[in-house]
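A.B. asks: Got a structure for you, questions after.
No value in this document is a laboratory result; all are computed from the given coordinates. Note that the coordinates shown come from a computational prediction; the quantities given were computed from them, not determined experimentally. Glycine gets a Cβ as well: all are built from the backbone with ideal geometry, and neighbour counts include every protein chain shown.
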Amino acid sequence: IERLAAMREPYADRPRESGRLNYSAERVAQFVGWAYGTEDPIAVHAVGDWAIETYLAALEKAGPAETWRAKRPRLEHGDMLMPDLIPRAKALGVVVVQNPAHFTLRNDLMARLGPERMQSVQPMKSLLDAGIPIALGSDGPINPYLNILFATTHPVNPGEALSREQAVAAYTSGSAFAEFAERDKGRLVAGALADLAVLSADVFTAPPPQLPGIVSLLTLIGGQPAHDTGLWAGRR
């Protein structure tokens with residue numbers, strides 16, 4: 001919103017500016033190359049289609065797509081991942097980790113980008129339709145139910161809104177997949193960690209205005225209570 005995101009085309013309300021890369025393309029290629037040669041995962045914060053394309057180009061240059069697919073390179077935020085870049089992200093096995101609080105900046109983004117680019121900004125549904133894994137986190141209000149509201153209404157681009165089921169899956173199994181923890185976390189299955197919450201309302205059916213007010217009545221981490229309003233203590 002400060003016109004710093006690196007864009008391939010100038011900002012609509014400041015035609016002489018296109019943002020900036022915090023690291024040169026050569027520097028990005030260097031640390032992507034380091035990640036390629038190790039067992040370490042890689043996560044790159046990129047906002048703006050120029051920044052995202054720089055990251056994708058570095059991945060493509062560093063090694064074959066099948067190697068990257070096994071490493072699940074993360075794209076943090078991914079705002080302005082434009083349609084022409086989606087097939088490249090898919091081929092590389094990129095996992096997009098988005099933050100629905102970003103979906104509330106409609107007026108600012110409309111002024112900065114203009115109506116044509118707004119049609120493609122902050123894709124979510126399009127990524128899932130293309131087979132790209134997504135994960136959700138906060139990067140702002142640490143209320144997952146508020147963020148589920150933002151993800152399922154998407155004020156910036158309603159056509160990219162997720163269903164409740166898709167949003168919850170992105171928060172849980174999607175986030176576990178992004179950190180190579182899908183065997184242990186993100187789903188309620190035998191053999192996984194018993195990380196779960198009993199909520200004050202049904203997150204799948206509660207009316208949208210009620211979502212931000214949902215709270216946990218009981219939170220288990222590894223099968224042990226981390227927060228309890230009396231459900232665990234009174235289970236007998």
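A.B. asks: Looking only at GluC sites (Glu not before Pro) in DSSP loops with at most 12 other Cβ atoms within 10 Å, what is the longest site-free stretch of the chain?
C.D. replies: On the way: sites that count: 2, 39.
The segment 40-236 is the longest one with no such site.
A.B. asks: Let me ask something additional. Let me check against my output: what whole-number percent is the relative contact order of the range 103-200, with C-alpha pairs under 8 Å and at least 6 apart?
C.D. replies: Details: 98 pairs, mean separation 25.9, N = 98.
Rounded, it is 26 percent for the range 103-200.
A.B. asks: Next up: Would you list which aspartates and glutamates come within 15 Å of residue 185, measuring only between C-alpha atoms, while excluding same-chain residues fewer than 8 positions from it?
C.D. replies: Partners found: 195.
A.B. asks: Step by step: find N for the range 30-88, compute 2.2 N^0.38 Å, then divide the Cα radius of gyration by it. What's the final number? Could the numbers behind the result be given before it?
C.D. replies: Working: Rg = 10.9 Å, N = 59, 2.2 N^0.38 = 10.4 Å.
Normalised by 2.2 N^0.38 Å, the Cα Rg of the range 30-88 equals 1.05.
A.B. asks: So, one more: Set the Förster radius R0 to 35 Å, insert the Cβ-Cβ distance between residue 67 and residue 18 as r into 1/(1 + (r/R0)^6), and round the FRET efficiency to 0.05.
C.D. replies: FRET efficiency, residue 67 to residue 18: 0.65.
A.B. asks: Evaluate the distance, in nm, between pseudo-label points positioned 7 Å from the Cα of residue 30 and of residue 142 along their respective Cα→Cβ axes.
C.D. replies: The two pseudo-label positions are separated by 3.5 nm.
A.B. asks: Hey, another quick one. Rule-of-thumb check for the range 143-189: C-alpha Rg over 2.2 N^0.38 Å?
C.D. replies: Numbers: Rg = 11.8 Å, N = 47, 2.2 N^0.38 = 9.5 Å.
Compared with the compact-globule rule of thumb, the range 143-189 sits at 1.24.
A.B. asks: Give a residue-ordered list of calculated ³J(HN,Hα) values for the range 22-32 (Karplus: 6.51 cos²θ - 1.76 cosθ + 1.60, θ = phi - 60°; whole Hz; x for Gly, Pro).
C.D. replies: 6, 10, 5, 4, 5, 5, 4, 4, 5, 6, 5
A.B. asks: Please report, in whole Å³, the volume per residue of the convex hull around the C-alpha atoms of the range 1-111. If you can, show how the numbers build up before the last one.
C.D. replies: Values: hull volume 10.8 nm³, N = 111.
Convex hull of Cα atoms, per residue: 97 Å³.
A.B. asks: With a sphere of radius 13 Å drawn around the Cβ of residue 216, what net charge do the other residues whose Cβ falls strictly inside it have (Lys, Arg +1; Asp, Glu -1)?
C.D. replies: Values: positive: none; negative: 195, 228.
Once all neighbours under 13 Å are counted, the net charge is -2.
A.B. asks: Ok, one more. When DSSP assigns beta bridges and you keep just the ones with both residues in the chain, what percent turn out antiparallel, to the nearest 5?
C.D. replies: On the way: 9 of 19 bridges.
That works out to approximately 45 percent antiparallel.
A.B. asks: Starting from the Cα coordinates of the range 82-236, work out the convex hull volume and express it per residue in Å³. Present the calculation step by step, with values, prior to reporting the outcome.
C.D. replies: Details: hull volume 19.4 nm³, N = 155.
Each residue corresponds to 125 Å³ of Cα convex hull volume.
A.B. asks: Additional query: When the gyration tensor of the range 167-236 is built from Cα positions, what are the square roots of 5 times its three eigenvalues, in whole Å, from largest to smallest? Kindly include the intermediate steps, with their values, before the conclusion.
C.D. replies: On the way: eigenvalues 92, 73, 14 Å².
Equivalent ellipsoid of the range 167-236: 21, 19, 8 Å, largest first.
A.B. asks: Angle, helix 144-153 long axis vs. longest principal axis of the chain, Cα atoms, 0 to 90°, nearest 10?
C.D. replies: 50
A.B. asks: Net charge around residue 189, counting only other residues with Cβ within less than 13 Å of its Cβ (Lys, Arg = +1; Asp, Glu = -1)? Mind showing how you got there, number by number?
C.D. replies: Details: positive: 183, 185, 187; negative: 182, 184, 195.
Summing Lys/Arg as +1 and Asp/Glu as -1 gives 0.
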